[in-house]
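Enquirer: Input: one structure, supplied below.
The values are calculated or read from the model by the stated rules, or taken from the named source; none is laboratory data. Everything numeric in this text was worked out from a predicted model, so none of it was measured. Glycine gets a Cβ as well: all are built from the backbone with ideal geometry, and neighbour counts include every protein chain shown.
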Number of protein chains: 2
Amino acid sequence: MSIGSFGYDEFIEKVVAFHGSVAPGMIAGGFMVDIALESLPPGDFFDVICETSHCLPDAVQLLTPCTIGNGWLKIVSTGRFAVIFYEKYTGRGIRIFIDSTRLELWDEIRTWFFRSTPKHQQNSGLLQKQLKEAGNTIYSIEQVQVKDVYLSNKERVFTAITLCPSCGEAYPENLGVPCPACAGRGPCE
Amino acid sequence: MSIGSFGYDEFIEKVVAFHGSVAPGMIAGGFMVDIALESLPPGDFFDVICETSHCLPDAVQLLTPCTIGNGWLKIVSTGRFAVIFYEKYTGRGIRIFIDSTRLELWDEIRTWFFRSTPKHQQNSGLLQKQLKEAGNTIYSIEQVQVKDVYLSNKERVFTAITLCPSCGEAYPENLGVPCPACAGRGPCE
């Protein structure tokens, strides 16, 4: 059993090193990315969108060249545990998601996925075992068309840099005056 | 010269492996994260916010335990090249940013930072050399108070999961009905 270019146990080691723990979402994410990589034409370039920020983006960053910082991975949060691999200029792609209709055999996966019991009452050993045994059988894949706004040359446009008259820092001038932080939309008080 | 726990050349190798290229923002980001790690009380836990999605989040993910997928790294885009390390319960922290008043000696860094000439006309070898030589001298650090909304237990609240009546997929019920994707806010057509 392999996940991307790693053996299963090797993948789990990589997960611990990068993500900090063997979260169930990382195991599921590993299988989902593996399904995508197996389904795409070899040698093609692609961009990735995760529909949640939980775990899944780290599986993408571990198993593909796409990262948040290089712009090939984006998060568009819908709350669904799904990942999209798409051709960056046309938007044609595939979407892989945990399919709740395929969880009948896997009670602990169902409990985790639907948060039926509090996390500390879940059996994490059994959950990891079931996720491994279920392999790629609990996911579905569909064709999708990604919206234009997420295609290459439609985002990350580099505009001129200006200095904010309020904080004095440099920022892209198309974001308005003052900069978004001084306009109240920054992370700090 | 070291960046986090790596020697400089070793850090550059890690950048290529994870980010795909030695982007100038990754070199700057490495120095910025290194300044933060040197400035924080050893052994403390912290969360991180990047004010841009360009490069900087990958420097954080390479040099700290904080990733997008484990929730310890967030992006709050203001367009400014800045990173914040903060105590996750109180929001007290430090912010490190490229200080445009400190770039007088470094013409190629200035050209890159202010996008004064198109990227393909910039001298990337000279830029990398200047970023290395400048070391930690072109950044400033300030105390900040992060907004409550980014503190622990104020975000990533796990609510009950429900099935969307439109797409049939599982999602957190506090996001409304139908799910955000079926309400038109998803990444696909």
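Enquirer: Just to be sure before I move on: is residue B:62 touching a residue at least 24 places away in the same chain (Cβ under 8 Å) and more than 11 Å from every other protein chain (Cβ to nearest Cβ) in the structure I sent?
Expert: Considered against the rule, which asks whether it is touching a residue at least 24 places away in the same chain (Cβ under 8 Å) and more than 11 Å from every other protein chain (Cβ to nearest Cβ), residue B:62 comes out as no.
Enquirer: Can you tell me which residue in segment A:122-151 is nearest to residue A:74 (Cα to Cα), limited to those that are more than 14 Å from chain B (Cβ to nearest Cβ) and assigned to a loop (DSSP other than H, G, I, E, B)?
Expert: Only one residue fits best here, namely A:136.
Enquirer: Tell me, which residue of segment B:80-94 that is at the interface with another protein chain (Cβ under 10 Å from one of its Cβ atoms) and farther than 15 Å from residue B:37 by Cα is farthest from the chain's Cα centre (by Cα)?
Expert: If we filter segment B:80-94 for residues that are at the interface with another protein chain (Cβ under 10 Å from one of its Cβ atoms), which is where we start, we get B:80-82, B:84, B:86, B:91, B:93.
Narrowing the set further to residues that are farther than 15 Å from residue B:37 by Cα leaves B:80-81, B:91.
Working: B:80: 11, B:81: 9, B:91: 17 Å.
Only one residue tops the list, namely B:91.
Enquirer: While we're here: Assess whether residue B:49 counts as being among the aliphatic types (A, V, I, L, M), in a loop (DSSP other than H, G, I, E, B) and either within 22 Å of residue B:120 (Cβ to Cβ) or within 12 Å of another protein chain (Cβ to nearest Cβ) (or both).
Expert: Numbers: among the aliphatic types (A, V, I, L, M): yes; in a loop (DSSP other than H, G, I, E, B): no; either within 22 Å of residue B:120 (Cβ to Cβ) or within 12 Å of another protein chain (Cβ to nearest Cβ) (or both): yes.
Considered against the rule, which asks whether it is among the aliphatic types (A, V, I, L, M), in a loop (DSSP other than H, G, I, E, B) and either within 22 Å of residue B:120 (Cβ to Cβ) or within 12 Å of another protein chain (Cβ to nearest Cβ) (or both), residue B:49 comes out as no.
Enquirer: In the list B:77, B:5, B:53, which residue meets the criterion of being under 26 Å from residue B:87 (Cβ atoms) and more than 17 Å from the chain's Cα centre (by Cα)?
Expert: Sole residue among the options that is under 26 Å from residue B:87 (Cβ atoms) and more than 17 Å from the chain's Cα centre (by Cα): B:5.
Residue-wise test of (1) out of contact with any Asp or Glu (no Cβ under 7 Å at 6 or more places or on another chain); (2) under 17 Å from residue B:18 (Cα atoms); (3) of a type in the set (D, E, K, R); (4) crowded, with 23+ Cβ neighbours inside 10 Å.
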| site | (1), (2), (3), (4) |
| --- | --- |
| A:2 | yes, no, no, no |
| A:9 | yes, no, yes, no |
| A:24 | yes, no, no, no |
| A:41 | yes, no, no, no |
| A:45 | yes, yes, no, no |
| A:61 | yes, yes, no, yes |
| A:78 | no, no, no, yes |
| A:85 | yes, no, no, yes |
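Enquirer: So for segment B:100-119 (the condition being basic (Lys, Arg), in a helix (DSSP H, G or I) and either modelled with pLDDT under 95 or within 14 Å of the chain's Cα centre (by Cα) (or both)), does at least one residue qualify?
Expert: yes
Enquirer: Kindly indicate the residue of segment A:100-157 that is acidic (Asp, Glu) and surrounded by fewer than 16 Cβ atoms within 10 Å (Cβ to Cβ) and also nearest to residue A:69 (Cα to Cα) among those meeting that condition.
Expert: Once the filter is applied, the top-ranked residue is A:155.
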